[in-house]
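**Student:** Here it is, the structure in full.
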Amino acid sequence: MTIVGIIIVILAAFFIIDNLDSLTASGQRFEKNGITFQYPDSWSEANSVAEGSVGAVANTENPGISVVIQQAPAAYGNDIQNACAYNDQFLAADGNYINIEEKNSSIHNNSVVMHRYIINEPDGSQKEHVATWIKMNDSKIYVILFSTPVDQYEQQRGNYDLVAGTFKLISDKERNSIFNTIGSKINQFLNN
């Protein structure tokens with residue numbers, strides 16, 4: 001195998017590893033405001049009035065089932081643990097808040113804090129939320145906020161997993177396109 005052949009194999013391996021989630025996930029793609037993620041075919045883009053909102057999608061049949069991506073305010077700091085704890089103070093001050101669990105995890109080698117809780121709505125219903133706090137390589141903290149009626153949580157959790165599991169900054173995607181460009185140039189060189 002020639003040096004050029006080895007380079008092509010290495011570039012292809014990097015591309016496949018970096019894009020494995022996109023290759024295996026199904027659904028529509030959201031690409032705006034510097035972020036990208038996939039969401040279910042039965043959902044659509046939504047307008048969000050939430051502070052710092054950079055993207056939102058909702059179940060077409062029940063808009064009460066949604067995922068909103070927000071940038072945390074700078075006042076929350078630059079540590080996801082502290083930012084989540086700061087936000088928890090606001091939630092706890094509201095008498096309609098029920099904490100379920102908070103745990104540390106990771107998505108794509110990024111540390112995350114996942115906070116699951118219930119809010120008692122003014123109409124007497126309950127909504128379950130999962131707020132996933134993640135600091136991306138642009139040094140900003142993002143919150144992937146999933147909301148659903150409590151009785152729909154188990155049925156809708158996979159849709160949230162799709163969004164959270166494919167969430168990236170567009171700059172990360174553009175980095176992958178560099179591999180495509182290099183691979184394309186190598187192919188042109190080999191075919192000439």
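**Student:** At a 1.4 Å probe radius, carbon and sulfur cover how many percent of the accessible area of the stretch 28-191?
**Tutor:** Reported share for carbon and sulfur atoms: 46 percent.
**Student:** Might you tell me the accessible area per residue for the stretch 28-191, computed with a 1.4 Å probe and given in Å²?
**Tutor:** Ligands and nucleic acids excluded, the result is 53 Å² per residue.
**Student:** OK, next. Considering the options 160, 149, 132, tell which one lies farthest towards the positive end of the dipole of the stretch 127-168, charges being +1 on Lys and Arg and -1 on Asp and Glu at the Cβ, about the Cα centre.
**Tutor:** Of 160, 149, 132, it is 132.
**Student:** Report residue 117's accessible area, 1.4 Å probe, all protein chains in place, as a number in Å² to the nearest 10.
**Tutor:** Its accessible surface works out to 20 Å², give or take rounding.
**Student:** Across 10 Å bins from the origin, how do the percents of Cα pairs in the stretch 28-191 run, short distances first?
**Tutor:** 10, 37, 34, 12, 5, 2, 1
**Student:** Across the stretch 74-91, in residue order, what do the Karplus-derived ³J(HN,Hα) couplings come to in whole Hz, using 6.51 cos²θ - 1.76 cosθ + 1.60 with θ = phi - 60° and x for Gly and Pro?
**Tutor:** These are the phi-based 3J(HN,Hα) values: 4, 4, 6, x, 10, 10, 5, 4, 5, 5, 5, 4, 4, 5, 4, 4, 5, 5 Hz.
**Student:** Could you please put 151, 161 in sequence from largest to smallest accessible area, using a 1.4 Å probe?
**Tutor:** Sorted descending by solvent-accessible area, the residues read 151, 161.
**Student:** Residue separation times 0.36 nm, minus the C-alpha to C-alpha distance between residue 100 and residue 75: what's the value?
**Tutor:** 6.4 nm
The values are calculated or read from the model by the stated rules, or taken from the named source; none is laboratory data. In this text, all values refer to a predicted model and were calculated from it rather than measured experimentally. Glycine gets a Cβ as well: all are built from the backbone with ideal geometry, and neighbour counts include every protein chain shown. Remember, those area values only see protein heavy atoms, side chains included, never the ligands or the DNA or RNA. Shrake-Rupley method; radii C 1.70, N 1.55, O 1.52, S 1.80 Å.
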